[in-house]
Every structure is written in C-alpha cells, then in structure tokens.
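Here's the structure we're looking at; comments come further down.
The values are calculated or read from the model by the stated rules, or taken from the named source; none is laboratory data. Please read all numbers here as calculations on a predicted model, not as lab measurements. Counting neighbours? That spans all protein chains shown, and the Cβs are built from the backbone with ideal geometry, glycine included. Accessible surface is based on the protein model in full, side chains and every heavy atom, while ligands, DNA and RNA are left aside. Shrake-Rupley method; radii C 1.70, N 1.55, O 1.52, S 1.80 Å.
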Amino acid sequence: MSTAPIPAQSLVGVIGAGAMGAGIAEVALLAGHPVRLLDSHPAALDKALRDMQRRLHRQAEKGRIKHAEANAAVERLQSTSTLADFAEASLVVEAIVEGLEAKRALFKSLAEIVRPTCILASNTSSLSITAIAAGIAEPGRVVGMHFFNPAQVMPLVEVVSGLATEAWIADATYRIAEAWGKRPVHTKSTPGFIVNRVARPFYGEALRLVEEVAADPGTLDAVMRETGGFRMGPFELMDLIGLDVNLAVTKSVFAACNHDPRYAPSLVQQELVAAGRLGRKSGRGFFDHTEGAPPPQVQNEAPASAPNRVGLAGELGIAAPLVERLATVGVDVVKLPAADSRIGKGYLLAGNAVIALTDGRSATRRARESEHPNTILFDLAHDFAQATRLAVARSDQCANGAYQTALGLLQVAGFAVSRLDDAPGLVVMRTVAMLANEAAELLQRGVASARDLDLAMQLGTNYPEGPLAWARRIGLAEVREVLANLATHYSEDRYRVAPWITRKLLGGAEL
Ligand code: NAI
C-alpha cells in the first residue's frame, strides 16, 4: 500500500517540549500544519511555547519568513495536557525522555486514542524502534523520525524502520520529512542507526591515539581539520557535545552490539568523565575553556631546508597532487624506473629518505620490511591539492638528516607539518578507513543504501565527504590494506575488515 504524505492542514502532535520537541513542532508549523504540543511538565511546555514564538518572530524580523507567516504559525500552535487531544492527528512525534519504558507506555496509550491511520513516530536517538513498538496493538505504524539538534536547522532526518514497521509508513514518513524541507534517509533500526553508529570511529580512533600518547588532542584536532577537511576535530567536538553525552552514546552502541570491540569506550574519556571534566559545560574537558585560557597547543615541526630534486617511484594514487605541488614550487620531480613493491605502489625518494602515504603499517615496520631504514610516512588528506597541514611519522631507525630532508620537502610544498609518534595509519587515514568499514558493515547488513549512508554522514555530521565515496577515491584495496595492517599491528578484532569490502574486491565490482 502506498499513501501520499499527510496534507499540510492535518494535525500534527508533538509530545515532549524539550529542545527537540520544540524544534520539531516549529518545523511542522512552518510546513503549514496545526501543531499540538504536550509535555508532562507545565513549566517546560510554557517555556517551549514562549521560545518558539520568539524564534518565529525573530525569523520574520530577519526576513527569513514573512511576518504574516510567523503570525499564522503562532496561531496554529496549541498546547495541551491530555493525549485525548491527539485523536484527530495524522502524525504524532514523540520526543520525551530517552527511556524505553516511558516511550512504550506512551505509545501504548496513544495507540488507543489515535485513528488507525495515524503515524506514530519516535525521535529516539538510541533506543530500538522494534522494542518501542513491541508493546502496542499495531506495531506496524511505529517508525523512527530521528531529527538532529537543532531540529529547526539541521536538514537530516533518519527514518527508522523497526522489525514490524510497515513499508508504507516508512515511505510516508520519508515524504513528510521531505515536504517539511528536510533531507530524509531510510535506515533499519540498528544500534545508533546510521549517524551515531558510523561516527563512532571518528572519536574512537583519535581517543586511541591519545591513549597511546601518539599526539596531543590539539594537534590531532588540527590535523583532522586542516588535513582531513573535517569542520571540527574530534576532541573539540567532544568538548562541545559533552564528554558524558558522547560516552553514553558509545556505551549504548557498545552494549547493544554485544560488546563488539569496535565500539569499546575509551579509558581516557571515562577518566575525564569520572573527574567531572565534561567539556565546555563544565569549563574543562580535553581543553581548558575557562575565561582567558590559552588555545589548544598544536605541534609544528621547525622549518627544514628542502632538496632541489626528488624521485617519484610508481604512482602516489590519491596523494598524486603532492607531485604537482612540488613541481609548482620548483622542485625537480624525476620519475624513477620502478617502485620497490616492498615499500609500496608509489613513494617519493629524497636523498636516502623514503616518503610515502601510510598503508596502515607503522613506519618502523615498513622500514624493516622494505629494508629502507629512513622511512617517513604521511597521513591521508581529504584534498592533497589544497590541504595546509600534513601529519608525519618516522621510523625508529630513521636518520635525522633524512627526516629533515623529508620535512623540508613537505614544508616547501606548503604544508605545516605535525609529527606524530609512529602511529600506524596516522590519524585521518585510520579514521576514514574505519568510518568506511563501519558504513560497509551496515551496507552488508541491509541497514541502509550506500547513497543514504553517505548522505547521512555528510548532513548529520558535516563530514567533507561520505565515507563510502571517500573510500572509493582512496581505493577499496588501499582501505582494506590499511585495516588489515591495523588488525595485524594491534592483534585486535576491532580492525577486522568488513566482509563487504573483501567481497567487492574479490568480485572486482565497483561500490
Ligand atoms: P529534553 O529533556 O530537553 O526534553 C524532554 C521533554 O519531555 C521534557 O520537557 C520532559 O518534561 C518531557 N517528558 C518527559 N517524559 C514525558 C512524558 N511521559 N510525557 C510527556 N512529556 C514528557 O530532551 P531532548 O533533548 O529534547 O530529547 C528528547 C528526545 O529526543 C529523546 O528521546 C532524545 O534521545 C531525542 N534526541 C535528542 C537529541 C539531542 O541532541 N538532544 C537529538 C536527537 C534526538
């Protein structure tokens, strides 16, 4: 069965008038619906109504909407203290406290009141839609409608189907979100849905590097921003979200996935939470946010002198623009006859320094396996033509002179260089490989399509590129190699390669 999205004049109910409920109600109002808002705390309801009215009028003052539109929206907004007032609703969105029993009880009562065609949507960010729906007579009409904070601004809506959700309910919810000006994606009800699941390694890999004392948070953030193209680094983002909130999401995904080591919470983060260092809201997290505190320190290598000439062996793949950058600043790039496959498919040779993109091996291991002691590895950039910073690691055997030559070369090409300890996969590469691995896992499990996985990560987290598209640009074989090398390095199941990636490579098929 298929249905058109609900008409604009039909009643929408929103339950829970906190930050999310008020935002969702505002979106529905501006789409033309009459909206009834309910909250078990009258004070919360009053505050939400006042805030919404103020926001709508401010939007009109700023010229984003017409004054008449704002006034009409305010007139369409009603509050109520009884569920009976939702009897005529076409859609009810629940945004109450994040507790399974509370949500189940609410949906059970609602289902007895509303019409049989009314869509019952939950804005839960971590609970199973299947579990929420389980207690009610018609679980098929319960669906997740997961907005992001602030709901009135963020475009993404994850439309979540539980085991019982009927396809037409999910489709209608998708089209309602579209009609409200949002960018919906479909996902199955799986722990963390798309965004909160695929994003785990964004925090997890960086936390791990801090745990291993590979670099400090300020430097890792700078590399993730200036090399990786991410809008915010993982540590400043955790400080903004709240370390306790971020840890709670990780713990809930970890528990819901039967303690899969991929999602294991970080001990460093747990320590900070235990100490009450929750981020901005407590004045201190990874960074000091108190008035007048200095900005985070970023490690920068001192300037070194560049060689006039560099050899290029093989092809640099995604890092190829590096060669153009060197040529542009007058470095003579000489093509060498062949690449030594023990080092990799492509690399630069400056004096006796080997300079290569990370393949997930530590520089020390790569130096030993290739018998080139002076090995310097650099990180993945989102755009090697534009990036302004590059993280490097050098093998323990590397002579300082060779390292200085490599450093000078990268600096003359226009990069600020941050040295990390010899961390395998550096930071951007291992993070992106793990993000893509997670997305591939969800793809294999039929949780969402490749398009929706990528779209959700770009819209929900502002990543510069969807992880699957990014992996395709790096090369699936290269991503697989990074993961396999990380798995060898750590002897941990955390880095196991998603079978979907291996399967695609064996079949030679495109993403
Ligand atoms: P909040 O704590 O700001 O608001 C929840 C509101 O629900 C409160 O005003 C409370 O009085 C009311 N409430 C609690 N139990 C109720 C009940 N049984 N009946 C009626 N009202 C009840 O919470 P927030 O942040 O707005 O989150 C609401 C929901 O949205 C949660 O499920 C949360 O996981 C989800 N969510 C939150 C996001 C966020 O960033 N805050 C993002 C996406 C989803």
Going through the stretch 36-53 one residue at a time, which ones are more than 17 Å from Ala102 (Cα to Cα), within 11 Å of the ligand (Cβ to nearest atom) and in a strand (DSSP E or B)?
Leu37
Test for Leu410: is it open to solvent by less than 10 Å² (accessible area, probe 1.4 Å), farther than 30 Å from Thr190 by Cβ, part of a helix (DSSP H, G or I) and in contact with a Phe, Trp or Tyr (Cβ under 8 Å, 6 or more places away or on another chain):
yes
Can you tell me which of Leu506, Leu486 is among the hydrophobic types (A, V, I, L, M, F, W, C), over 28 Å from Ser128 (Cβ atoms) and open to solvent by 10 Å² or more (accessible area, probe 1.4 Å)?
Leu506
Qualifying position, being out of contact with any Pro (no Cβ under 9 Å at 6 or more places or on another chain) and farther than 20 Å from Pro321 by Cα, among Ala423, Ala413:
Ala423
Would you point out the residue of the stretch 135-164, among those that are under 19 Å from Ile15 (Cβ atoms) and more than 16 Å from the ligand (Cβ to nearest atom), that is least open to solvent (accessible area, probe 1.4 Å)?
Arg141
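Any residue at all in the stretch 244-252 that is part of a loop (DSSP other than H, G, I, E, B) and open to solvent by 10 Å² or more (accessible area, probe 1.4 Å)? It would help to see each step written out before you state the result.
Restricting attention to the stretch 244-252, the residues satisfying the condition of being part of a loop (DSSP other than H, G, I, E, B) are none.
No: the stretch 244-252 contains no residue that is part of a loop (DSSP other than H, G, I, E, B) and open to solvent by 10 Å² or more (accessible area, probe 1.4 Å).
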Wholly inside the stretch 446-508, helices (runs of 4 or more DSSP H) that include 2 or more residues that are in contact with a strand residue (DSSP E or B) (Cβ under 6 Å, 6 or more places away or on another chain) and within 30 Å of Val153 (Cα to Cα) are 450-461
State the number of residues belonging to the stretch 82-95 that are within 10 Å of the ligand (Cβ to nearest atom) and either acidic (Asp, Glu) or open to solvent by 50 Å² or more (accessible area, probe 1.4 Å) (or both).
1
Residue count for the stretch 388-403, restricted to those that are within 17 Å of Ala215 (Cβ to Cβ) and hydrophobic (A, V, I, L, M, F, W, C):
4
Would you mind stating whether Ile129 is under 17 Å from Gly16 (Cβ atoms), away from the ligand (no atom under 16 Å from the Cβ), in the same structural domain as Leu30 (by TED's automatic domain parsing) and touching a Ser or Thr at 6+ places or on another chain (Cβ under 9 Å)?
no
Looking across the stretch 190-241 at residues that are part of a helix (DSSP H, G or I) and of a type in the set (S, T, N, Q), the single one that is most open to solvent (accessible area, probe 1.4 Å) is Asn196
